[in-house]
Ligand code: IVH
């Protein structure tokens, strides 16, 4: 019989192995569900036995909410940066300099220059001991807790030839996909967008709440090993060992003997990099032999054995015609540059984002300026600079609007925010129409009407807010220009239908700042009726998982405004859902409490995902593999023979769809 401690350690070993298979090899050997099951087993055992706590347990990847100020740590070996070069001529110069200084055969390793934020990882006896940012190169911030949440940073290295003290360096990145998703979410909540994945990655790494870091899906790429007793004199070979130990090392490394081979690499990756999931901004060239590196030495800033060759950012030059200011549904005012149309990475660009007042001031922007336009990660390109030398006839200096471009109300700016707001929440037509547009969207009330219809009805005085939609009469609509009986009937039917939209979506439709879809769902479960939510104190709100002070404040502000309270009351009168639906309530049964159910095969009545949801909603556990603890197998067509055999052996009951649905009826 194994002790509890041995069982915990065995689980940790298994999970480390599966993380490695998944994140480094991209070859998982178990299903996600099975992984989750092992992880749950581990976290439960760890919760019961805090005496076996290990900061490097795979369970720490979920992060913690402990608020910390980072401590500064001195780097044992300084973190230098690289000399940047921009042309093949400069690469040739570097190559010839090395050749002359060494006067013996040498090899150059070419690798991609990942554009994130650099990190130093210290492993003691094969276990992650510390992760430190570059800082000023001599000392950086200890961000170990945040780095522990990064999936492809191994917490414990594999293998038995690992030096007792090992320092590796690399780049922390946010892949494009995660970056886009993050910015989309921020745009929805009207929060300032990150300018590029690099800023997002370094900002995330410095966050105080490592749970947020864990949710953002950062990745690491290791590119060097530092120390005295390294396994090999070859950088290239050390990197392949690092990969074997479980560190995430890029596969795009090439050892080159000639300048031609180097240029081939540069040329290939200049185009191919566009297909990578992460940002790269160049190529790093390194002399492979560590003893040759030492012989070449460093200047005060840069090593002499390495340079960075930077790719050209795709850039276009255009002329600034004007700047417009737009108000969103929350009143935030965003500046937009109107440009002379210009071609950039295959699309014509006419407008560029200017972010906020500070960004405009930093550019010292004048109308008529020649501006550089680049595509960052955002949907809209950005202005990265002004060609001041081309400014011979200076137009007016661009200043931020002082009044709302729509209703003329003087704008206000909160102390700790970069954005200016139109405070006329209840009277500004753009904000009102914007809130109605949000109210009718598919994920909210799903009423089929576009912005033009909303503008028309608003201008005709038929609606003043979203609640007025429920007072619209057939006779009001048919008399409108180009409106027939069919379109009037369709709109009214769609409005009527929206009265069945469940509470959580109604909450989202209200357009409370920072209350997106997910937050609305969380709030609806925690406060199953609107009155409970309206009366909730900030403390009660922040007690809900993932609800922070900012959201809590926004919710209390909303219910403190008489106009909004009245708006909600009217919607209630018109019959919208303001309590958690029967379905959602019924979903919270404990009919399957204590039962572990494995799903296998294909089904006719519901999808596998739906069955999974049904198991969870009814208090059961869904597991990916059959074991002693399995109570039922929900079997469809083509159940795997291995599972069937195992089930028979263990005597697990096999049920079909109908029997299962009967159990939860
Ligand atoms: S080697 C002393 N290799 O670029 C040389 N750096 O300006 C240490 N970077 O601070 C750097 N990819 O953050 C190296 N394959 C790579 C890299 C890389 C990205 C970053 C790193 C460094 C900066 C150099």
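Only the coordinates and a few stated rules stand behind these numbers; no lab work does. None of these values were measured; they are calculated from a predicted model. Neighbour counts run over all protein chains shown; Cβ positions are idealised from the backbone, glycine included.
At a Förster radius of 60 Å, what calculated FRET efficiency corresponds to the Cβ-Cβ distance of residue 390 and residue 662, to the nearest 0.05?
Numbers: r = 77 Å, r/R0 = 1.28.
So the FRET efficiency works out to roughly 0.20.
Using a ≥ b ≥ c from the Cα gyration tensor of the range 414-459 (square roots of the eigenvalues), is it rounded, prolate or oblate, where a/c under 1.5 gives rounded and otherwise the larger of a/b and b/c decides, a/b for prolate?
Numbers: a/c = 3.53, a/b = 1.78, b/c = 1.99.
Note, shape of the range 414-459 comes out oblate.
Is the range 210-265 best put as rounded, prolate or oblate by its Cα gyration tensor, with a ≥ b ≥ c the root eigenvalues, rounded for a/c under 1.5, and otherwise prolate when a/b is larger than b/c, oblate when not?
In terms of gyration-tensor shape, oblate.
What fraction of the DSSP beta bridges in the chain is antiparallel, stated in percent and rounded to the nearest 5?
For the chain, the DSSP antiparallel bridge percentage is about 85.
If packing is taken as the average number of other Cβ atoms within 10 Å across a peptide's residues, how do 424-430, 555-561 rank, most packed first?
Per-residue mean Cβ counts within 10 Å order the peptides as 424-430, 555-561.
Does the chain come out rounded, prolate or oblate by the C-alpha gyration tensor, with a ≥ b ≥ c the root eigenvalues, rounded set by a/c under 1.5 and, if not, prolate when a/b is larger than b/c and oblate if not?
Note, shape of the chain comes out oblate.
Only bridges with both residues in the range 280-420 count here: give the DSSP antiparallel percent, nearest 5.
Rounded to the nearest five, the antiparallel share is 95 percent.
Tally the DSSP beta bridges in the range 567-658 and give the antiparallel ones as a percent, rounded to 5.
Counting DSSP beta bridges with both partners in the range 567-658, the antiparallel share is about 10 percent.
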